[in-house]
Amino acid sequence: MSARPATPASPKNYKVRATQPGQPMYGCEHLQRLFNQDQATTNTSIQHYRAILRSIFDTNPLVPQTSKAADGAVVTSLTPTYLCLQCPSTLTEDDRTKHGSKKSHRFYVDSRSGALYCQMCDDIVWDPTFEELRLKKIGTGTFSNRKRKHEELFETSDPVRNNPTYITSNTTIASCKSSGLRGIYNAGATCYQNVVLQSFLHNPILRNYYLSDGHSSSTCNVPYCLSCAMDDMFQDFYALETTNGYTAANILSGFWFSDRRAFDNLVATKEQDAHEFFQFLAEELHERNGDGKKPEIGSEHSCNCIIHQTFYGKLQSTTTCQNCSGVTHQVQSFLDLNLPLENLSHKKGKKTLSRGQLTLQECLEEEYVKSDKCEYRCHNCSSMQQARRQTTIKRLPNVLSIQLKRFEYKQGRNERAAKIDTPVQFPLELNMLPYTNRGRAISSNGHDGGKENYELARSCTYDLLSVVVHVGEIDTGHYVSYCRDGDQWFAFNDHRVELAQKSDVLNSKAYLLFYVVRSLS
């Protein structure tokens, strides 16, 4: 009797999970239609789902979060992406609908949970067959029904596994967890609020204050308190392991119900200025957490509240009479440094015959190193005299806020606002010593001062923490921001959060810059 000819192994046929009492057999009618086409379609669908689950739970967590944009750029997002069940595509929420319409692919897997999404139902669907595979993968790490032995799960005798080098090189750090990396939904032209809130959320001083019950919303009795809303937001961002967008409803209601006239413009459903919102929010938090007194512009205001400890510094204006050489000093508090761009850009353009880009150091030098001519009433001369005035920084804050004045009002017959798009180079590391009183004194003395001045320079070194960018036209533009978490930068565009490169940050046309003193960064 001749031997039977060898034949290729038959492909494994997968079965749809048998129905259970009280449970549907399929997740939805569209899945039922998919599974009922033929055995090959069923096999392919289940094989693809198993492969996707391996990609989500067995590989680096950034892999399923990485997709390719329409322009071919590779984008890594912290908000969920969607892995197509019917092809190898990884898509963002926005691209998912376009892909479905173009390819007629209707089923996708959430990159965070492995749950199945049906585009025709426009919802996550619970399918017994797929859910059984998902739960097995989460529970045992395999698709097998065999339970792993205790020795397999808790092997302690293997010297390789106990080697710290082996553990370090084979440990994957999760891409988010409870690290505050969440987007904020746009509630109708509220992107100007979202970017400022993100800069607050990634501010280490404010984070430590609110997470250590510096202001507890559970014990505060002030109605619609913005500091309570901030406390709730910090708790949600740093206590919940989710990357879904956050709705800042409490922040919005705090403005809507505020009796401040200054907030009237901010509650309108049209684009507003992020810098104004930063100032209003800082002022409100100061009054809720500090002495309750409104900071007076041009005066030296001292307060121990968290806002003053974080953002406030002091400027000193020195006026020298040209007639009697008498000197007067005036000290005032500042929340942020406002750096004009247009005049400096024109000056530089005349020298170089082109209006090229500026540097942040050039802008700071123009305001806090150079002196200007002015007229003032000299007490020694008892009359108006010509004088020179120089402004320097007397005390630096822990978090330095800088506004690059990109919006100017043109005076004349047709008064209008204009946006200044002049590029400004800014560094990741900023030395503020040259713009301080002590820095000017060292420069005047002409020596470096040795170790003492080295320590002084270190105390004036800042690291870039977050950047607010306005893109588009002045009336129809949009705000986005970049924030640093450890050494990694992230781009925040309302509820969307993506990994960013340092080059993306440094090439942006910044509007607001936040630097944290290195000793706290």
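The values are calculated or read from the model by the stated rules, or taken from the named source; none is laboratory data. Only a predicted model underlies this, so the values are computations on that prediction, with no experimental measurement involved. Here the Cβ is made from the backbone with ideal geometry for all residues, glycine too, and neighbour counts use every protein chain on show. Quick note on the areas: whole protein, heavy atoms, side chains included, nothing else; ligands and nucleic acids left out. Shrake-Rupley method; radii C 1.70, N 1.55, O 1.52, S 1.80 Å.
Quick rundown of the values:
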| item | result |
| --- | --- |
| Check on residue 213, farther than 23 Å from residue 469 by Cα, modelled with pLDDT of 90 or more and of a type in the set (D, E, K, R) | no |
| Filter pass, residue 58 being open to solvent by 80 Å² or more (accessible area, probe 1.4 Å) and modelled with pLDDT of 75 or more | yes |
| Odd one out for residue 464 among (1) of a type in the set (A, V, I, L, M); (2) more than 23 Å from residue 279 (Cα to Cα); (3) under 16 Å from the mean Cα position of the chain (by Cα) | (2) |
| One residue from 519, 466 being open to solvent by less than 20 Å² (accessible area, probe 1.4 Å) and polar (S, T, N, Q) | 466 |
| The stretch 201-239, residues that are part of a loop (DSSP other than H, G, I, E, B), charged (D, E, K, R) and touching a strand residue (DSSP E or B) at 6+ places or on another chain (Cβ under 7 Å) | none |
| Residue match in the stretch 303-317 (condition: open to solvent by 70 Å² or more (accessible area, probe 1.4 Å), under 25 Å from the mean Cα position of the chain (by Cα) and not assigned by TED's automatic domain parsing to the domain that holds residue 277) | yes |
| Criterion: open to solvent by less than 20 Å² (accessible area, probe 1.4 Å), within 21 Å of residue 142 (Cα to Cα) and within 24 Å of the chain's Cα centre (by Cα) - qualifying residue of 111, 45 | 111 |
| Qualifying strands (runs of 3 or more DSSP E) (wholly inside the stretch 52-140; at least 2 residues being touching a residue at least 24 places away in the same chain (Cβ under 8 Å)) | 66-68, 74-76, 82-84, 107-110, 116-118 |
| Hey, residue 167 at pLDDT below 90 and assigned to a helix (DSSP H, G or I) or not | yes |
| Qualifying residue in the stretch 87-94 (condition: open to solvent by 50 Å² or more (accessible area, probe 1.4 Å), touching a His at 6+ places or on another chain (Cβ under 9 Å) and under 28 Å from residue 501 (Cα atoms)) | yes |
| Members of the stretch 344-383 that are assigned to a helix (DSSP H, G or I), of a type outside the set (Val, Ile, Thr) and at pLDDT below 80 | 345, 346, 347, 348, 349, 350, 351 |
